[in-house]
1. Does anyone have the angle between helix A:300-345 and the longest principal axis of chain A? Alpha-carbon axes, 0 to 90°, nearest 10?
2. Could you work out the local net charge near A:PHE458, counting Lys and Arg as +1, Asp and Glu as -1, over the other residues with Cβ closer than 13 Å to its Cβ?
3. Need one value for A:280-293: mean number of C-beta atoms belonging to other chains within 10 Å of its residues' C-beta atoms.
4. With a cut-off of at most 13 other beta carbons within 10 Å, and DSSP calling the residue loop, which GluC sites (Glu not before Pro) in region A:71-170 qualify? Please list them.
5. Excluding same-chain residues fewer than 8 positions from B:LYS78, which lysines have a Cα within less than 19 Å of its Cα?
6. Would you work out the relative contact order for region A:482-602, in percent, from Cα pairs under 8 angstrom that are 6 or more residues apart?
7. Could you check the spin-label model distance between A:ILE725 and A:LEU545? Points 7 Å from the Cα along Cα→Cβ, value in nm.
8. Give me the distance in nm between label points sitting 7 Å out from Cα along the Cα-to-Cβ direction at A:ARG379 and A:ALA207, one decimal.
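The values are calculated or read from the model by the stated rules, or taken from the named source; none is laboratory data. For clarity, every value in this text was computed on a predicted model and none was experimentally measured. When we count neighbours, we look across all protein chains shown, and the Cβ atoms used for this are built from the backbone with ideal geometry, even at glycine. The accessibility values were calculated without ligands, DNA or RNA, using every heavy atom of the protein model including side chains. Shrake-Rupley method; radii C 1.70, N 1.55, O 1.52, S 1.80 Å.
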Amino acid sequence: MRIQWLLATRYLRGRLRRSVLTTLAISFGVAILFGMNGLIPPMLEAFRHSMYTSAGQVDPTISSVSNGTFNQSVLNEVSSTAGVEQAAGYLAQTITLPTSLGGSSSNALSGVSSVNLTGIDPAAAQSTHAYSMLSGRFLSAEDTEAVVISQALAANLNLSVGDPLTLPATSGTAMLTIVGIMNVTSPTAVNQVLTPLPTAQSVLGAAGQINSIDVLFTASADRASVQAALAQRLGDTYKFGSVETGSEFTTALSLGSAIMWFFGIAALLMAAFIIFNTFRTLVAERQRDLGMLRAIGAKRSTLEGMILMESLLQGILGTAIGLVLGALLTIGMLRLMSSFIQSYLHASVGGPIFSPGTFVASILIGVGFTVASAYFPARSTLNVSPLEAMRPAVGTTENRRMHNRAWIGLGLIVVAGACLFLNNIGVTTLALLAFLVGLILVAPALVRPVAVVFSSLFGFIFPRENALARENISRQPGRAAITASSLMIGLALTIAIVGMVTSTRFGFMGYLDKSLGSDYIFMPTSLVLGNGNLGADPSLEQKVLQIDGVSEVTAVRLAYSQEDGNNLEVLGIDPTTFPTVSGLEFVHGDPQQSYAALAKGRSIIVNGIFSATYNVNTGDRITLKTPNGDQVYTVVAVAMDYLNAKLATGYISQTYLQKDFNVTNDVLILVNQSKNADKSKVLTALQEQAHNYPAFTLLNSAAFKQSQEQIFSMVMIGLYMMTIILTIPGLIAMANTMSINVIERTREIGMLRAGGATRGQIRRMILAESLMLSILGTLLGVAVGLFLSDFIIKAMVVKGFKLSFYFPTSGILIALVVGILVGVLASLAPARKAARTQIVEALRYE
Amino acid sequence: MAIIEVKQLSKTYGQGSAAVTALDGVNLAIEKGQFVTVMGPSGCGKSTLLHLIGGLDRPSAGSVFIEDKDISMLPDDKLTELRRRKMGFVFQFFNLIPVLSAEENAALPLILDGVKPEIAHTRAAEWLARNQMGDRLSHRPDQLSGGQQQRVAIARAMVADPLMLLADEPTGNLDSRASDDIAALLRHAVSDWGRTVLMVTHDPRIAAYADRIVFLKDGRVVDDTLLDGGKAENTRMLKEKVDRL
């Protein structure tokens, strides 16, 4: 171990630039893996903060499994259970505070964007919670339109005792009076507003409803028994635990986490190519040293151990640097994203959270990839004969045994291509892997043909250097292919992601046209329908319908449920008006028949992501958890709308939404005006209604569509940046290889200079080589990128999205530009070094 | 007592019509404390003979005995151990590890054998001092001349206290003055340190330092002569033999 350590550390220091480049490649991959996975937990934590929890002296909290409201008569059942000393019912909801009522704008980093309105029974609540008042008084049983607010809310809105607080309500607005300001320490209650239960029920349009019960057991009670008794009495419609909001987002965040892991692994895969290349080269370079060590008595395992030790040291160092870089990356990204999350999701995101699992996984993967990549080069030292010590050092050319492998690779590519037409995701996945492996096997055989073709193209740019450059690249086709493969991965991802976003953009714009294609939209404050959006009682829809010039109106309502333990949103639509004003993009099922079925009974249309994720198909009967017990619905179609395409959603009729979920409030209203209407008058009337209901914003559909297009453009730019970053390992690989090439040919370069080559010609020769390498990588990248692009779209279709493949032209153009840029940049330092070679020293170089 | 003995030793490279016989039934015995040089034209098999005796390669036929033990059939691990403990190698191209200092290079065989670094480095320093390299312990190979590098290589070859030194063209990359120094050092290893030295060279002037010259031609021993004259006389005699053979 000692000798391996000594030699490994010395060799690493002896080839410092190469060691740095290889270490950087590892660091980069680990930084992405570790850093990106530090993003998801704080976002999840932010969502958890939107849950209603109370820091009181309660035993269990009871809420509906569907996380919706239920009749407050359940309180009597709980109170009358033996062992229960006290039970207090609450109705709580996060309400977005519009700017017109003092809420902060979407771009503001501070201020109040939402409040947690909680309706309580003042007497019962004080027996289960300790409320500490800073000024004024607590609520009393006689209060009606009174509130007690947190000190943070009072400070942010500049309010004191006696001031009015106007909140959005389902009836428009509710003006309440502040009677007290309380000291709140729990981070989940920083914007809390307490009000008597009937007031909250009125504001939220939920008469006679509560959504949680805090229970206090008697001192002598056997808690487990009492809880069991309560469970039996209430049935499985209720759970012991807080109301959870935002739980339907966890699927999306899990997907985000998976994407981050994918990017991190992709970056490490590119690093693996670099490491493999580096170690393969250094084993070749050290043949004489290795032979000598064998001659003087080193065991084969000692030599293998030396190479593995070197890789381990690089892996540890690279991973350590990567962890630090990753943490910095996460901190930076969270700072950039905090205002977005605050505005759209009304959650405050804190600092990065790195779980022990993320640390361990990143370290194991970073070090593991490095050592694994060096494994085969290390094994090759077992074949080093002591006779190597006797041989003079000469520049090596590769044994061209690659042709057999190239034929195998070609076979794999052909089979993979044929599999694309089968339209089966499992087969396509295998085909993608086969294609990738095939391309890697074929790549060395492509080096010379690509070099020949492009040297003739480069002939007019590098008239005297291109022949040498072509031969230099061709003498090490394996090394050239591995280098090009590293660049290939980054560019392939670029093309694939651009293709995916382009296809998604066209697909989603299609959903938008269908589902939000009305003339006007009463849009809730948050685009995510459920998130803090209060909605309006049915009177708003009626008022809008009565406006002169309005021809059709339809509204959407919202509840939450569970099906077989899986969370989903349940949207209530009017099966008659919804298809004419709005509509869904149908994947399976007939639209006319489906809407008719909704009107007749407990039928449900599910969206693609719900159908694909939980394997629910047309014809299936599913059981939904509702505040009024389990209800069985029949799936009549699979279809999607724009706003809910990414969340598990089902659509039922408003009749059954009211019957089963007790929901009558509208969260989205779509309006069409008649062809001959006076447009300005209609707009004025609509604006008047919107003014009375600050929980909504009136939007012109065309303007809304444009704003969504802009969001897509921003996302595209963000993804372009991300994928360009992914080409950095490719750049490192190229620089590494060019650096090795120059060092190896020191004597040769000295000879060229001695023979009359100018420094400029040497530089141009290196540049030409680098460009040939990068063009090979780009061509491979385009091939894999197109394949990967098609694969991703197929996978998304399987996930339930109705999308078509769009040829990623812009992605390919970006790849070409980036590929050439990488070729030029990678050559700069090695070309400079080669041009500065001292002739005499170079000729003596061993 | 013959410390090295080869019997009917043969080595063939390649197969069929492309086969090349490098050694053809060579018989040779080397006594303890002898300085033997093997000479011959290019391709005569002299280096091959050295490789087989040193356990660096395996014969096609015949046997190699070191201290009466047949090493031809030893497994690789045993051969490796033999090289580490009983033999010291000196190469034409010095073969020092470029990233290690002179002392570290010289200590390598002991470190490989598991000797504690402090002891290994002390012994390496002693041997380097004996080779007039005591003031260059921390120098790396790129900071030493060719002759100095070869002195370090000889110290490395001696540090494990081997029975024999096997030197393959040890002066092939040196100028004449440095060559003489190295040849004298090898002579010293025999006369004063009691080693057995087997050297391959094409240079009669260097071969003249030896006690005995074995000539090979076409893979066979064609001459085997003891040198008992002075250096100049030996050199002249060897040049004549080389021209004749």
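1. Once rounded, one gets 30 degrees.
2. Values: positive: A:ARG464, A:ARG470, A:ARG764; negative: A:GLU465, A:GLU769.
Charge balance near A:PHE458 sits at +1.
3. Mean partner-chain Cβ count within 10 Å for A:280-293: 2.
4. Working: sites: A:GLU77, A:GLU85, A:GLU142, A:GLU145; in loops: A:GLU142, A:GLU145.
Loop-located and lightly packed - A:GLU142.
5. Qualifying lysines at Cα under 19 Å: A:LYS299, B:LYS69, B:LYS86.
6. Numbers: 77 pairs, mean separation 26.3, N = 121.
Value for region A:482-602: 22 percent.
7. In this crude label model, A:ILE725 to A:LEU545 measures out at 5.1 nm.
8. 7.7
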